[in-house]
Structure formats: C-alpha cells, structure tokens
Amino acid sequence: MSLIERSFREKIVLVGVTVPPASDEETERHLDELALLVDTAGADEVARVVQRRDAPDPATYIGKGKAEELRQLSEAVDADTVVFDDELSPAQSRNLEKILGRTAIDRTAVILDIFAQNARTEEGKAQVELAQLRYRLPRLRGRGVGLSQQAGRIGTRGPGETKLEEDRRRLLRRTTKLEAELRRVTATRRLQRKSRRRGRLFSVSLVGYTNAGKSTLLNRLTDAGVLVEDRLFATLDPRTRRLDLPGGESVLLSDTVGFVRKLPHQLVEAFRSTLEVVQESDLLVHLVDSASPDPEAEIDAVRAVLHEIGAAGVPELLAFNKADVTPEAKRLAERHPGSLVLSALTGEGIDDLLQAVGDRLRSALDIVELVVPYEHGDVLAAVHREGEVLVETHDAD
C-alpha cells in the first residue's frame, strides 16, 4: 500500500506554510526533517516552497494562485509528487491534484509509508496497515460511471454498484478484521505484562524522538542485538529485556517506537497496544539527541505524544545522548536539573544512568516498619525475598 514509488527515486517538491505564531525558521526546520523523511521513504527533494499565510486555504491549503505557481515549478523540475508538511484534508488533496497534474500527499502519508517499509512482525504489519486504511478511507475517490460495474440480470442493468462503493466496503471489512486481530494481540500483551508484574520487577521504558539512539542504548545495556541504523524509524517493534542494576535489583527494560513532530493520529491509535507498555511503566528514560538542530522542540514533541497516550504522569528521567559527538549535551543537561549526559555508542555515562534509574525506582517505593516475632521466620524470609531491607535490628522478642 505504498504511496511513494520505490522502483526508482521519485523527485519530490516540499511545501511548507508558515501560520502565526510559527516563524519561517521553524517552518524551514520542519521542512529539513520532512526532507529526511522523504529520503528515508526512498525519494529525493528537488525543490521546496515556503509560504506565509494568516490561515490555511480551505480549498487548496496554499491558495489557488500559489497552487498555480507550484504547478509551474513542479513541471520545471519534472517532479513526480508534491509533499506538504501539514496534513491535507481529502478535499484539499483532490483539488491540488487537479491543479498540479500530479500526486499531492502530506507528511502523514510519508510517515505511514516509512512505517510500512520497516514493520517486521505480524503485529507491526497489522498496525501499520490499519493506520493506512484509516488514512485512506476518507480519501477514496471515484470516477463516475466509468468505474461502475455492469449487472447482467433483468432489472439490474445500468451503472449498478460503483467501484468506489465496492472499494469502500472492502476497506471497511479489512479494517474490522485488523481491529479484531489487534484486540486479541492487546489481550495477549496484557496477560504477558500481568505475568511479569507477578514477578515484582519494575518496568522501565526507553522513549524519545526517532533516531535518538534508543536501540543503541538497549544493546549497550542488555546485549539485545536490536537492529541499529542511522535513519528515521529503523525500529518499530518493541523489545523487552531484563536489566540488572548496580543495587542488585532487576528491571524489565523496553525499547519503543520513536516519536516525531506531528506523529499521525492514525498511527498513535493503531500502535496503542504497543504503546501501553509506556503507559504502564514505573519510569521513562527519555533519551534526547543532543546533536539535533532543535533538541528542545524534540523534547516537547515527545512529551506531547506521551500526553496523547496517557503516559504524561509516568516519572521521567531525561538523558542527553551523543555526548561523544557534541559538547551541547552538557549544556542541555545544565538547563534541565536532574538530567544526565551519556553516549550510548561509547558507554560514557552509562554507570551514572544505571545508578540514577535505581535511585529513582527506589524513591518510589513505600518504606514500611515491621515488628516480626522470632517464631515467624517465614515472614522475615518473605520480607527479604519480596522487598529491600534497609535496616534490621534485634531485641528480646
């Protein structure tokens, strides 16, 4: 269900609109990221257009005059597709394609395309397909009687059921089937998490912007052997591994899908079962790419997604990664009290991270004072087995 042709490198024109209070510099940064997304999807940027507007045009997003300029530019550079940084409505997309004479898609379509390329497990593929179907369903378009089906029986001759209606019904059936499959997967995941909870292990999740280095850190901490690539959304499928902390405790450490600005709502909904591990964590290690052009904006984008999935209240430990690449990591840590500096690649700062994780988890525990009679040695054994004994004293009884 690819929206970007990959048998050759498509030529793409990028379009960004600056709407107050946003600035042109912010729009350019977003387009730079969109160019990386397009490259990851297998296409090349050949031109970009930036426009300032008080509000998007309801019909074409950029206005009819600007759309005509965009058509001329697209023809001059022989572009195959035009990609908009903001989500287009189905009507805007149709109107633009009529004017431009070529495909007009948005950032959401590009991200869905990348997810479709990178999904490896059956669950991941089902989640991505469901997100694509939810995105495509309102964008189905028909071509009138030309795509109608002819019925051959008496009383049923004529245009009959249109191809558009048939496609819509087929997509709805497929959507219903995928939703049922993912409900079963969600139930299985919850049982697995409940089983892990019975083991009384803390749950820690690695979260962060895409390409922040989460998989590299998971490999560094647990030898998980997770795929690591210097590209966006290289890892979609979650991994959970056991990690031993310096204090002797063991925790379950999970790697999660990377977040991004304007993460499509369809993806958040489709991946909700996967993201529940974040929601139910005892601690989030929020990994930040210190070498990013705008790390503060990426922190805000990650926190916005955490809020959307109901994980805003989970305790967070900020960790600024790639200290081996840039001195900016230390400056960022100074602006965020309680944060850490590390390099997942070289191992710098890993011991401090493990110590901080253990301290944060222990601080969340309740401290209980018990008086245990000597004849109840089984109770004392259970206390040692199930908790951490801070102080133990003996008296006559």
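The values are calculated or read from the model by the stated rules, or taken from the named source; none is laboratory data. What you are looking at is a predicted structure, and each value in this text was computed from that prediction instead of being measured. When we count neighbours, we look across all protein chains shown, and the Cβ atoms used for this are built from the backbone with ideal geometry, even at glycine. These accessible areas exclude ligands, DNA and RNA; they are computed on the full protein's heavy atoms, side chains included. Shrake-Rupley method; radii C 1.70, N 1.55, O 1.52, S 1.80 Å.
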**OP:** Please verify whether the range 103-116 includes one or more residues that are surrounded by fewer than 21 Cβ atoms within 10 Å (Cβ to Cβ), in a helix (DSSP H, G or I) and over 19 Å from the mean Cα position of the chain (by Cα).
**Re:** no
**OP:** Kindly list, by first and then second residue, each pair from a residue in the range 173-191 that is under 14 Å from ARG134 (Cβ atoms) to a residue that is open to solvent by 60 Å² or more (accessible area, probe 1.4 Å), limited to pairs with Cβ atoms under 9 Å and residues at least 6 apart or on different chains.
**Re:** THR175/ARG134; LEU182/ARG272
**OP:** Scan the range 364-392 residue by residue and report those that are open to solvent by less than 90 Å² (accessible area, probe 1.4 Å) and within 45 Å of the chain's Cα centre (by Cα).
**Re:** ALA364, LEU365, ALA381, ALA382, VAL383, GLY387, VAL389
Subject >> Filter result for ALA35 (touching an Asp or Glu at 6+ places or on another chain (Cβ under 6 Å), surrounded by fewer than 21 Cβ atoms within 10 Å (Cβ to Cβ) and either farther than 17 Å from GLU87 by Cα or not charged (D, E, K, R) (or both)) >> reply: yes
Original post:
Hey, does the range 54-68 have a residue that's part of a helix (DSSP H, G or I), in contact with a Leu (Cβ under 8 Å, 6 or more places away or on another chain) and over 20 Å from ASN211 (Cβ atoms)?
Top reply: yes
Original post:
Considering only the range 330-360, how many residues are open to solvent by 80 Å² or more (accessible area, probe 1.4 Å) and part of a helix (DSSP H, G or I)?
Top reply: 8
Subject >> Answer residue from the range 62-82, given it is without any contact (Cβ under 8 Å) to a residue 40 or more places away in the chain and hydrophobic (A, V, I, L, M, F, W, C) and is most open to solvent (accessible area, probe 1.4 Å) among those >> reply: ALA76
